[in-house]
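The values are calculated or read from the model by the stated rules, or taken from the named source; none is laboratory data. If you're wondering where the values come from, they're calculated on a predicted model, not measured in any experiment. All Cβ positions, glycine included, derive from the backbone under ideal geometry; neighbour counts span all protein chains shown.
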Amino acid sequence: MSWEKEVEQLREREALAEKMGGGEKLARQHSQGKLDARERITRLVDAGSFREIGKIAGKSVYDDTGTLAEFSPSNFIFGRANIDGRPVVASADDFTVRGGAADAALHRKFVQCEKMAHTLSLPLIRMIDGTGGGGSVKTLEDTGYTYVPMTPGWSDIVKNLESVPVVALALGPTAGLGAARTVASHYSIMVKGMSQLFAAGPVVAAQIGEELTKEALGGSDIHTRNGVVDEEVASEDEAFAAARRFLSYLPSSVGKHAARTACTDPAGRREDGLLSIVPREDKQVYSMRSVMDAVFDTGSVFEMGKRWGRAAITAFARLDGWPVAVLASDPTYLGGSWEALTSQKVKRFVELAELFKLPVVHLVDNPGFMVGLEAERTGTIRYGVEAMNAVYKATVPWASVIIRRAYGIAGSAMSNGEAFQYRFAWPSGDWGSLPIAGGLEAAYKSEIAAADDPAAKLTEIKSRLDAVTSPFRTAEKFNVEDIIDPRDTRPLLCEFAELAWTKLGA
């Protein structure tokens, strides 16, 4: 006697699960230009690698004979898959089943998905569409009671943030728990025009007098510019590509090493354009991203958080195939000055590099913390100090290249100044406790006022100080370790990467 009949019943249930919310609900999902949950998993992971867990879990109705009469699958799909040949945990909310609401959810599936990631040390990808198992007012009438809020499995979400790379893709309106699950990640993505994120949606916002559309309340224009979400993309396929690329720079879990890749870009490559990229006029700007493209392996720079905290660029890149975390100033935004959002961004990124043990390369052009009333209102100094604390607490190998300015407390946060300094400065280096222009007239006020020609005296004093502030004088006192030809930056950083990864045990 075989178990063929039971296997047939299994296949029947699997077929019902694959219908998700049914033809009408799937058609509605597709009519909005959105993929369904199963299509999303298929496009995200390596072909044929997904093995679903709990596929036939759901709500069943049986007739008087014990025969299955109705079946509604869970609105959450997860399982084991590969991305670029590496095992991961992939999950997707199914909006076609009750819009992801709690009354269609099996919370044990959420919890087991999260537990699987940190128990087996596997990266986790969440594709979120809806409340993500959050509450529904309709549930109250169905159950006959309300409850004190709790979030089953949140401790597992916290464990994952401490142990494995977590990526969250918001692929539709995400509210409540869905929004929280999006934010509780190391890298998050929204699709412009398709994704919205809010603590509570427009209907709830209307109760406090705010009549807004979903996009106006929580669109990607808001959340990729305030630091809630890292990336805005134009399509779901772009979101999948970004998620895959982000993971390629990180190890599968804390305690493991990120992979070195084959590199055809010579470690000794010297770019002549770097010799003239920094203008001599200190108020003129230049492209730090062009510096990055010239220094790191060709095509390897992957920026995250581009639209918020814009005075700092945070990215991953490779040096002779070795992965590194890159922190760089952007002189085209606020002159590179750190304000509150930039400081928060720096802190978060440095902590990410420290968690997954990626060496850091810091390209410095920082005139200090942003000043003025708005900077004081937004708590710049508090967030700036927190960013500096993260830099000083970091234990990963760290290299700094002073491209131009390094002033004040923010400038001193280029690295842990009390540790060994693997540091280079370009001849364009300009540093101190404050810019000369900001204090010159105050410091020499009486001398200038007493002069027959105050303007000429000011020019004379400035000329004297320009000689004193030469980076060569700093190097003579070994207050900066090395002044280098900008064209030597890549070869020297490739040398650093080799030494850093040897130190890390790779």
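Elements of the type strands (runs of 3 or more DSSP E) sitting completely within segment 20-111 and holding at least 1 residues that are modelled with pLDDT of 95 or more and among the basic types (Lys, Arg): these cover 51-53, 76-83, 86-93. Residues of segment 325-344 that are within 30 Å of Asp265 (Cβ to Cβ), in contact with a strand residue (DSSP E or B) (Cβ under 8 Å, 6 or more places away or on another chain) and not in a helix (DSSP H, G or I): Ala325, Val326, Leu327, Ala328, Ser329, Asp330, Pro331. Residue check: is Lys347 outside any helix (DSSP H, G or I) and either outside the structural domain of Ser163 (by TED's automatic domain parsing) or farther than 19 Å from Glu162 by Cα (or both)? It is false that Lys347 is outside any helix (DSSP H, G or I) and either outside the structural domain of Ser163 (by TED's automatic domain parsing) or farther than 19 Å from Glu162 by Cα (or both). Among the residues of segment 214-264, the ones that are free of Cβ contacts under 8 Å to residues at least 40 places away in the same chain and among the hydroxyl-bearing types (Ser, Thr, Tyr) come to 2 in all. Among the conditions (1) surrounded by 21 or more Cβ atoms within 10 Å (Cβ to Cβ); (2) of a type outside the set (Phe, Trp, Tyr); (3) at pLDDT 95 or above, the only one that Ser337 does not satisfy is (3). For segment 183-200, the criterion of a residue being modelled with pLDDT under 95, surrounded by fewer than 17 Cβ atoms within 10 Å (Cβ to Cβ) and more than 30 Å from Asp84 (Cβ to Cβ) is satisfied by at least one position. The residue of segment 27-55 that is farthest from Ala170 (Cα to Cα), among those that are buried (at least 18 other Cβ atoms within 10 Å of the Cβ) and aliphatic (A, V, I, L, M), is Val45. A Cβ distance below 6 Å, combined with a sequence gap of six or more or placement on separate chains, defines the contacts here; from segment 376-393, residues that are in contact (Cβ under 8 Å) with a residue 40 or more places away in the chain and of a type in the set (S, T, N, Q) reach residues that are buried (at least 18 other Cβ atoms within 10 Å of the Cβ) and part of a helix (DSSP H, G or I) in the pairs Thr380/Ala340. Listed by position, the strands (runs of 3 or more DSSP E) contained in segment 380-432 that have at least 2 residues being crowded, with 17+ Cβ neighbours inside 10 Å and modelled with pLDDT of 95 or more are 398-407, 422-425. Scanning segment 350-378 for residues that are in contact with a Gly (Cβ under 9 Å, 6 or more places away or on another chain), crowded, with 24+ Cβ neighbours inside 10 Å and within 23 Å of Thr395 (Cβ to Cβ) yields a total of 2.
Each residue in segment 389-419 was checked for being over 28 Å from Pro279 (Cβ atoms) and either out of contact with any strand residue (DSSP E or B) (no Cβ under 9 Å at 6 or more places or on another chain) or not assigned by TED's automatic domain parsing to the domain that holds Lys347 (or both), and 6 pass. Where strands (runs of 3 or more DSSP E) fall entirely within segment 223-324, those with at least 2 residues that are surrounded by 20 or more Cβ atoms within 10 Å (Cβ to Cβ), in contact with a Leu (Cβ under 9 Å, 6 or more places away or on another chain) and not assigned by TED's automatic domain parsing to the domain that holds Ser121 are at 312-319.
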